[in-house]
Amino acid sequence: MRWTLLVCLFCFAAGAVAGDVGRIKAATGSVFLERQGGRLPATVGMPVQESDSLVTGADGSAGVTFSDSSVLSVGPSSVLAIEHYAFDSTTHNGHFDASLKKGTLAVISGKMVKHSPDAMRVRTPSAIMGVRGTEFVVKVTEPGS
Amino acid sequence: MFALVFGALVVLGAIYAQPAPLEETVLVLPSPDEHVVQPPLEETVVVLPSPDGHTGTVVVQRGGERHVLNRPFAASRTSGGQSEMTQLSDAEVRQSFGAALKALPAPPSTFLLYFVTATDELTDASKDELKQILAALKERPVPDIMVIGHTDTVGELETNDLLSAQRAERVKGFLVEIGIPAAQIQTAGRGERELLVPTADNIDEPRNRRVEINVR
């Protein structure tokens, strides 16, 4: 566990490394990245990887720009999982599966959606969204909140 | 009596000696504070017009139901098991999604700079424009930048590959000067392989002598 943490810290310190798919461009309040069972405070400039989850507290919000120029942001009390991400900067082929477990999400789709309209999918607990080149927002409210 | 107590102890001992599979099951459950969302009370999806006025399409598939959202502020909503297509106002969207929208990073943009024939010197017009471009780049938090050099078709392919790389490096130098970390700037030289204005070979075309700055 300690080694995993050290390796993670090293990755962050080293900046862009293989496996980075985006970068945090905005972060206010409490914002975390969950990676491989660990939870790290997220700050502006930190790389985002496939399988990361972006988690915000009641006062938090954060924005991420991905390598295909997609931009995503979350508002307070949100959990967004980057489930799958791949992008070929030469062919613009790729796929992007994200899942909003709770909270609010704003999305502007990027180059892979321009190239192939079915490349991006966003899930919520009850729905799955296909994206055809656009800007949109999603909100999931839990019972009792 | 002794036999009974002993028997009970043996049974208890056997129970204690057992591994505790129940505990393991509990351990793999995600923490209850998040990730586990019981049937949600409400979900809303809204399509927004982009700044250029264009509105794309989001297809919402919920069970057997399918909502196609393709007009500004068209929304799909589910609440307590009931779903509907509806229309929200700009103000309603700002109210519900204000924090997320405020955190949305600026969409990536592209700038072009032009060069004097066969050199890595900017044209006078591009020198003027450089200041505005640098100011725009400085406003972005942690920019990721790709600088791509190009040439016109005058000269040999290899010479142009080299010249285009030099142009890209020159522009990278300007960016580093204003404090953008070199590690966040990638460069590439495309020579005459990607003409902005298609021409025959050996054509002096100023618009092809350029560097493209992509920033996200």
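Before moving on, here are some points about what is shown:
- Residue selected from region A:114-129 under the condition modelled with pLDDT of 95 or more and within 26 Å of B:D52 (Cβ to Cβ), by the criterion nearest to the other protein chains (Cβ to nearest Cβ): A:M129
Matching residues to (1) open to solvent by less than 10 Å² (accessible area, probe 1.4 Å); (2) more than 19 Å from the chain's Cα centre (by Cα); (3) within 13 Å of A:M129 (Cβ to Cβ):
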{"position": "B:E43", "(1), (2), (3)": "yes, yes, yes"}
{"position": "B:V46", "(1), (2), (3)": "yes, yes, yes"}
{"position": "B:P49", "(1), (2), (3)": "no, no, no"}
{"position": "B:D52", "(1), (2), (3)": "no, no, no"}
{"position": "B:G56", "(1), (2), (3)": "yes, no, yes"}
{"position": "B:H67", "(1), (2), (3)": "no, yes, yes"}
{"position": "B:P72", "(1), (2), (3)": "no, yes, no"}
{"position": "B:A75", "(1), (2), (3)": "yes, yes, yes"}
{"position": "B:G80", "(1), (2), (3)": "no, yes, no"}
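- Check on B:S109, of a type in the set (S, T, Y), at pLDDT below 95 and under 29 Å from A:G60 (Cβ atoms): yes
- Boolean, A:K101 is assigned to a strand (DSSP E or B) and either basic (K, R) or more than 28 Å from B:S83 (Cβ to Cβ) (or both): yes
- Filter pass, B:F174 being of a type in the set (F, W, Y), at pLDDT 95 or above and touching a strand residue (DSSP E or B) at 6+ places or on another chain (Cβ under 6 Å): no
- One residue from B:S109, B:S96 being touching a helix residue (DSSP H, G or I) at 6+ places or on another chain (Cβ under 9 Å) and polar (S, T, N, Q): B:S109
- The one condition from (1) open to solvent by less than 40 Å² (accessible area, probe 1.4 Å); (2) under 29 Å from A:M46 (Cα atoms) that B:S164 does not meet is (2).
- Of the strands (runs of 3 or more DSSP E) contained entirely in region A:1-53, those carrying at least 3 residues that are at pLDDT 95 or above and at the interface with another protein chain (Cβ under 9 Å from one of its Cβ atoms) fall at A:20-28.
The values are calculated or read from the model by the stated rules, or taken from the named source; none is laboratory data. This is a predicted model, so every value here is computed, not measured. Cβ: placed from backbone, ideal geometry, glycine included. Neighbour counts: every protein chain shown. Protein only, heavy atoms only, side chains kept; ligands, DNA and RNA dropped before computing areas. Shrake-Rupley method; radii C 1.70, N 1.55, O 1.52, S 1.80 Å.
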